[in-house]
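S.K.: Have a look at the structure that comes next, please.
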Amino acid sequence: MGQQALRGLDPRRSVGQDALVADHRSGGVPEEDLMRALYREHAGALFAYVLRLVGGDRYLAEDVVQETLLRAWKSASRLDPGARSLRPWLVTVARRIVIDGHRSRQARPPEASPAALDQLPAEDELERSLRLMTISDALEDLTEAHRQVLIETYFKGRTVNEAAAALGVPPGTVRSRVFYALRSLKIALEERGVTTS
């Protein structure tokens, strides 16, 4: 329950907390009245104290106050009704909750936002390896002449004239073979489930 939900509790009763704790222990006071009295008498001061402990984080302070009052409610049968005030006990519980929360955050590695991970360039090596294996397999379906011309032009990065000189064929033949080799490679890839756009 947040600070505003806590504020909405019934402030009409003016019975002291000590009497309520004693009456609650004997079964004479409902739990709701005990919580209202605890809230009315201690929530404001407890919130101000916790707010300083958590560096001004209002939401965290509200959560700590809520947890503190919840623990007081759960421990009502063990609280000392003869004590002058329950506030020292509540302050101690709140401080321990803040310390425990700090320790648990220190023990865990900081969480990264998924948005930050989207900005990091990362190549999927498995995807790349599978793609290369599929292309290599599809190249095996081509004729030797078509495979050689693609290796010279696409994989070695040679121009048509350089590939023609390396293969010992005219440049027009290289252009023609590249055209038909790419068409055959596209069909071979489609047979393997790879679509090209």
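S.K.: Roughly how many Å² of Y180 are accessible to a 1.4 Å probe, to the nearest 10?
M.R.: Surface accessible to solvent at Y180 totals approximately 100 Å².
S.K.: Further question on the same structure: What accessible area per residue, rounded to a whole number of Å², is obtained for the range 125-168 using a probe radius of 1.4 Å?
M.R.: Working: 2950 Å² over 44 residues.
Averaged over the residues of the range 125-168, the accessible area is 67 Å².
The values are calculated or read from the model by the stated rules, or taken from the named source; none is laboratory data. Keep in mind that this is a model prediction, so the values were computed, not measured. Heads up: the accessible areas ignore ligands, DNA and RNA and are worked out on the full protein's heavy atoms, side chains in. Shrake-Rupley method; radii C 1.70, N 1.55, O 1.52, S 1.80 Å.
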